[in-house]
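So the structure is just underneath, and the comments pick up after that.
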């Protein structure tokens with residue numbers, strides 16, 4: 001009888017999700033409904049919600065979100081984009097390739113896919129339109145470039161994954177560095193081929209002087225990236241400390257150096273960051289309760305038994321990847337990670353997949369979901385900043401989707417891409433955020 005009631009609750013919340021009810025309410029209703037059915041005390045739900053957020057490492061989440069807003073407000077993102085264009089503008093499709101490169105640079109400070117798409121898209125889309133690019137392709141480029149926002153460290157979703165799976169956030173950050181750069185290069189090659197075939201984009205002569213000049217103007221962005229990457233890799237500070245230092249640096253840079261952040265505008269910047277954090281934090285808290293209930297229901301054992309029937313290493317690994325990709329088409333990366341990571345990660349470990357390697361595989365698949373229908377969050381963001389209908393962008397993202405799928409396959413088949421930087425002696429990357 002309980003099974004039928006649980007199925008009924010699941011159907012009801014699925015219908016609510018399709019109708020557009022916020023995902024936090026959908027998961028929350030499922031948690032409460034199933035808790036009542038299986039006599040799982042609601043008092044435990046309240047306690048677990050609190051304990052789910054009582055974790056030092058999660059402080060990095062709002063700080064990196066704030067950093068992304070400060071980078072844009074301080075004009076640092078625009079300077080990084082100008083530098084990328086000065087390097088790649090002599091190639092056919094160079095401006096669009098520079099947009100993708102700028103997405104990678106912005107991701108190395110902000111850690112958010114939607115922030116990357118919105119910020120770089122709002123800067124580079126008008127320039128691509130003036131530079132002779134098809135408007136649909138230009139918008140699709142911004143959407144695709146945003147996928148690396150959660151892979152190149154720092155990454156908000158890596159913080160969540162590390163919290164859920166009790167993995168070192170520092171290790172996860174470093175593990176995503178090379179795969180993230182591979183994704184950028186794969187999209188840039190694809191961009192060059194498509195632009196060359198269609199004759200899009202105006203070429204500019206390569207000028208070392210221009211490269212040097214834009215590079216010097218972008219020094220604040222490079223320094224912010226250095227603070228995050230070197231600070232964590234060298235063990236100078238934890239990801240949480242890196243987030244605080246970087247946010248403070250970008251604030252001071254915007255107020256005192258670029259002077260593009262006005263003190264009277266700070267409340268608006270803080271409010272935007274707080275709104276995003278307010279959306280993410282409750283989801284993380286409710287996910288802990290959901291994991292408990294799924295464990296009691298035997299979901300992990302069921303999926304494990306099903307996948308074990310497939311046999312070999314690659315069959316199980318590719319099945320896990322397929323589940324992540326399918327879920328990514330209908331769920332945002334956070335609920336996808338919350339639901340599937342605790343189930344699939346132990347299965348992957350049982351067949352010998354390195355946990356850091358699988359985390360990267362999982363989250364790259366999550367990232368690809370940002371440009372796949374019907375959800376495709378980055379497509380909605382790009383549509384919002386450009387005014388181009390969502391469905392019109394789908395066709396122009398297909399080449400990028402193919403490039404990302406190939407990169408994903410390479411990342412899955414070559415574990416060293418995710419792990420090689422973790423084992424240098426004295427690198428100091430095995431530091432965690434637990435307990436400070």
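The values are calculated or read from the model by the stated rules, or taken from the named source; none is laboratory data. These numbers were taken from a predicted model, which means no experiment stands behind them. Cβ placement follows ideal geometry from the backbone for every residue including glycine, while neighbour counts extend to all protein chains displayed.
Would you confirm, using the coordinates I've provided, whether residue 285 is in contact (Cβ under 8 Å) with a residue 40 or more places away in the chain and under 22 Å from residue 145 (Cα atoms)?
no
Of the conditions (1) at pLDDT below 80; (2) under 23 Å from residue 23 (Cα atoms), residue 323 fails just one. Which one is it?
With respect to (1) at pLDDT below 80; (2) under 23 Å from residue 23 (Cα atoms), residue 323 is out only on (1).
I'm trying to understand the selection: among the residues of segment 320-347, which are in contact (Cβ under 8 Å) with a residue 24 or more places away in the chain and farther than 13 Å from residue 363 by Cβ? Explain how you work it out, then say what you get.
Let us first name the residues in segment 320-347 that are in contact (Cβ under 8 Å) with a residue 24 or more places away in the chain, namely 320-321, 324-325, 327-339, 341-347.
Across segment 320-347, the qualifying residues are 329, 330, 331, 335, 339, 342, 343, 346, 347.
When residue 33 is evaluated against the numbered criteria (1) at pLDDT 75 or above; (2) more than 30 Å from residue 264 (Cβ to Cβ); (3) surrounded by 20 or more Cβ atoms within 10 Å (Cβ to Cβ), which criterion, by number, is the only one it fails?
The number of the failed condition is (3).
Restrict the check to segment 38-60 and report whether at least one residue is in the same structural domain as residue 137 (by TED's automatic domain parsing), surrounded by 24 or more Cβ atoms within 10 Å (Cβ to Cβ), within 22 Å of the chain's Cα centre (by Cα) and closer than 23 Å to residue 284 by Cα.
Yes, that holds for at least one residue.
Please indicate, with yes or no, whether at least one residue in segment 65-80 is at positive phi, out of contact with any strand residue (DSSP E or B) (no Cβ under 6 Å at 6 or more places or on another chain) and in the same structural domain as residue 256 (by TED's automatic domain parsing).
Yes, segment 65-80 contains a residue that is at positive phi, out of contact with any strand residue (DSSP E or B) (no Cβ under 6 Å at 6 or more places or on another chain) and in the same structural domain as residue 256 (by TED's automatic domain parsing).
Name the single residue that is surrounded by the most Cβ atoms within 10 Å (Cβ to Cβ) among those in segment 368-386 being modelled with pLDDT of 85 or more and within 16 Å of the chain's Cα centre (by Cα).
This residue is 382.
Just give me the residues in segment 212-236 being surrounded by fewer than 17 Cβ atoms within 10 Å (Cβ to Cβ), in contact with a helix residue (DSSP H, G or I) (Cβ under 9 Å, 6 or more places away or on another chain) and closer than 30 Å to residue 162 by Cα, in sequence order.
The answer is 223, 235, 236.
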